[in-house]
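The values are calculated or read from the model by the stated rules, or taken from the named source; none is laboratory data. All values reported here derive from a predicted model rather than from experimental measurement. Backbone-built Cβ (ideal geometry, glycine too); neighbour counts: all protein chains shown. These accessible areas exclude ligands, DNA and RNA; they are computed on the full protein's heavy atoms, side chains included. Shrake-Rupley method; radii C 1.70, N 1.55, O 1.52, S 1.80 Å.
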Amino acid sequence: MSSLLARTGRHKQRYEDQLRLVAGCIPYRLEQNVEGCHGSSENKLLVLMISSPNRHDLVFPKGGWEDDETIREAACREAFEEAGVKGILSETPLGDWMFRSKSRQKSCSLEGGCRGYMFALKVTEELDSWPEQANYDRKWLTTEEAFKLCRYDWMRDALERFVTTLAEEIRGCRRNEESKEVAAIRPVSDAVEEQQMSSPGCFGKPSSVQHLENSCKCIVQA
């Protein structure tokens, strides 16, 4: 059973070039069998955002990267502590962004500067209870809704990059599947031709084979 205590304090916080290092993620899921505009079956992409007290805008889970964990472990921990979700984290971050902590938004000093690394998290488990449940509400949104409600510009940029990256991955998977399907379809005429060529004393093709080849050209297309 996972501990329901969130980490507190910054005594283990990582810094680099006077910047506080932060890890976070964009939790998402694909809803299956959503009816498209032409009655076709489509997948609907939803992202999970969290709200803080007395605020109407939303953010993605994030927090300090500490010195006893990897950056991916930090991102997963923040998703669990703030949003109560677990899942499959992307191997590499979507990117990194420079920003100021909310308490130092109007400061001109170097203090309060952060570098945030954001990952994509495919949610596989949504918990009923989580460590910071009293501080954060969570909400599933379409990417269009998330973009409008997002509190920070740098998080909007991360969201745009996530959508682009996921679309490219989906297209790549589809191309791979189509290639496998095409490779698995072996024209009947090829098999018959190989059989005829391998048979000794066979110099021609019977009319029935010729007819089969002609029919195959209509059925199997590249």
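Quick notes
- A single entry from Val22, Val47 fulfils the requirement of being at pLDDT 95 or above, surrounded by 17 or more Cβ atoms within 10 Å (Cβ to Cβ), in a strand (DSSP E or B) and touching a Cys at 6+ places or on another chain (Cβ under 7 Å): Val22.
- Unmet requirement for Cys114, which otherwise passes all of (1) part of a strand (DSSP E or B); (2) at pLDDT below 65; (3) among the hydrophobic types (A, V, I, L, M, F, W, C): (2)
- In the stretch 112-129, the residues that are on the phi > 0 side of the Ramachandran plot form Cβ pairs under 9 Å with partners that are open to solvent by 40 Å² or more (accessible area, probe 1.4 Å) and of a type in the set (Gly, Ala, Ser), at six or more places apart or across chains, as follows: Gly112/Ser103.
- Criterion (modelled with pLDDT under 95, β-branched (Val, Ile, Thr) and under 28 Å from Ala75 (Cβ atoms)) met by exactly one of Ile170, Ile185: Ile170
- Single match in Ser90, Ser103, Ser109 (criterion: out of contact with any Gly (no Cβ under 9 Å at 6 or more places or on another chain), modelled with pLDDT under 95 and of a type in the set (Gly, Ala, Ser)): Ser109
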